[in-house]
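Take a look at the structure below.
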Amino acid sequence: MTSESIEKYRKMYPNDGIGFEISGGVSVERESDGAGFRGDENESDEVFLDRLERSKKAGKNLFYEEWEPFEYEDDVDY
């Protein structure tokens, strides 16, 4: 996945956190409650941008529904 796709997400959801994971892939942190969601490390730009477009049409963030939820561990540095 490219940084251009990440920037498109940031423009659409400017209050969320989004970034590349060390292990590969991308994660999103929902601004409203800090919940985390992690995408497949092999997700392509095409699939990511399709989800972004579908989110726009649906009027809700489908990344929260289609990606795996995760929680940061308190005693781990990220």
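The values are calculated or read from the model by the stated rules, or taken from the named source; none is laboratory data. Everything numeric in this text was worked out from a predicted model, so none of it was measured. Positions of Cβ are backbone-derived with ideal geometry, glycine not excepted, and every protein chain shown enters the neighbour counts. Areas reflect the complete protein model, heavy atoms only, side chains present, ligands, DNA and RNA absent. Shrake-Rupley method; radii C 1.70, N 1.55, O 1.52, S 1.80 Å.
Quick look at the numbers
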read-out: Total residues in the stretch 1-31, condition farther than 14 Å from ASP45 by Cβ and either acidic (Asp, Glu) or assigned to a helix (DSSP H, G or I) (or both); value: 7
read-out: Selection status of GLU43, open to solvent by 80 Å² or more (accessible area, probe 1.4 Å), of a type outside the set (Val, Ile, Thr) and assigned to a loop (DSSP other than H, G, I, E, B); value: no
read-out: Residues satisfying the stated conditions in the stretch 1-37, i.e. farther than 14 Å from ASN61 by Cα, of a type in the set (A, V, I, L, M) and open to solvent by less than 90 Å² (accessible area, probe 1.4 Å); value: MET1, ILE6, VAL26
read-out: Cross-chain or 6+ apart pairs with Cβ under 7 Å, the stretch 52-65 first and closer than 17 Å to PRO14 by Cβ, then open to solvent by 90 Å² or more (accessible area, probe 1.4 Å); value: LEU52/LYS8
